[in-house]
Amino acid sequence: MDHGTVGSARSGRLLVEVREEGSSAVVAPAGELDHHTADLLREPLDDLLEKGFSRLVVDCSRLEFCDSTGLNVLLGARLKAEAAGGGVHLAAMQPVVARVFEITGAEAVFTVHDSVAAALAGETG
């Protein structure tokens, strides 16, 4: 299994790290995901999908805030991943971020895991 870091992007309020885990890619945003930082997450998600990774695990353990723009980035990635036969799995959501998904009903369209390890263990193929 390849645990190498693929890359990272940083703004003052958001750092996004990306790594490959077998046939999955793990994307780990840390900080605040909002209108000003959403492209820092959108771009690596799109790049991974273009490279053929259709199963994306988003490690939310260090995500401190997510507004509607951030939610839309994740929803867009989910649609693209599902069209490619995969999906977007959310892992280790903090309560403040989980609440956004509950309020909007978005939690119903994502597979949510307690940890990244649990998300990766669910991998088939």
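Values as computed for the structure displayed
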read-out: Tabulated pairs, the stretch 94-110, first under 12 Å from Ser68 (Cα atoms), second β-branched (Val, Ile, Thr) and assigned to a helix (DSSP H, G or I), C-beta under 9 angstrom, 6+ apart or interchain; value: Ala106/Val100
read-out: Any pair with Cβ under 7 angstrom, 6 or more apart, that starts in the stretch 19-47 at a residue that is on the phi > 0 side of the Ramachandran plot and ends at one that is open to solvent by 40 Å² or more (accessible area, probe 1.4 Å) and basic (Lys, Arg); value: Gly31/Arg13
read-out: Test result for Val58, touching a helix residue (DSSP H, G or I) at 6+ places or on another chain (Cβ under 8 Å), assigned to a strand (DSSP E or B) and more than 16 Å from Phe110 (Cα to Cα); value: no
read-out: Selection within the stretch 37-55 - of a type in the set (Gly, Ala, Ser) and part of a loop (DSSP other than H, G, I, E, B); value: Gly52, Ser54
read-out: Long-range neighbours under 8 Å by Cβ, at least six apart or interchain, first residue assigned to a helix (DSSP H, G or I) within the stretch 63-87, second among the hydroxyl-bearing types (Ser, Thr, Tyr); value: Ser68/Thr104; Gly70/Thr37; Leu71/Thr104; Ala81/Ser54
read-out: Which listed residue is within 14 Å of the chain's Cα centre (by Cα) and closer than 23 Å to Arg13 by Cβ, from Val109, Val100, Val73; value: Val73
read-out: Matching option when the condition is open to solvent by 70 Å² or more (accessible area, probe 1.4 Å) and aliphatic (A, V, I, L, M), among Ala119, Ala83, Ala92, Ala106; value: Ala83
read-out: Complete set of residues in the stretch 12-34 that are at pLDDT below 95, in contact with an Asp or Glu (Cβ under 9 Å, 6 or more places away or on another chain) and over 19 Å from Gly87 (Cβ atoms); value: Arg13
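Residues checked against (1) within 20 Å of Gly122 (Cβ to Cβ); (2) surrounded by fewer than 16 Cβ atoms within 10 Å (Cβ to Cβ); (3) in contact with a Lys or Arg (Cβ under 9 Å, 6 or more places away or on another chain):
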residue: Val18; (1), (2), (3): yes, no, no
residue: Leu40; (1), (2), (3): no, no, yes
residue: Glu43; (1), (2), (3): no, yes, no
residue: Thr69; (1), (2), (3): no, no, no
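The values are calculated or read from the model by the stated rules, or taken from the named source; none is laboratory data. Owing to the predicted nature of the structure, the values given are computational and were not obtained by experimental measurement. Positions of Cβ are generated from backbone atoms using ideal geometry, with glycine treated the same way; all protein chains shown enter the neighbour counts. In case anyone asks, the SASA skips ligands and DNA or RNA and just uses the protein heavy atoms, side chains included. Shrake-Rupley method; radii C 1.70, N 1.55, O 1.52, S 1.80 Å.
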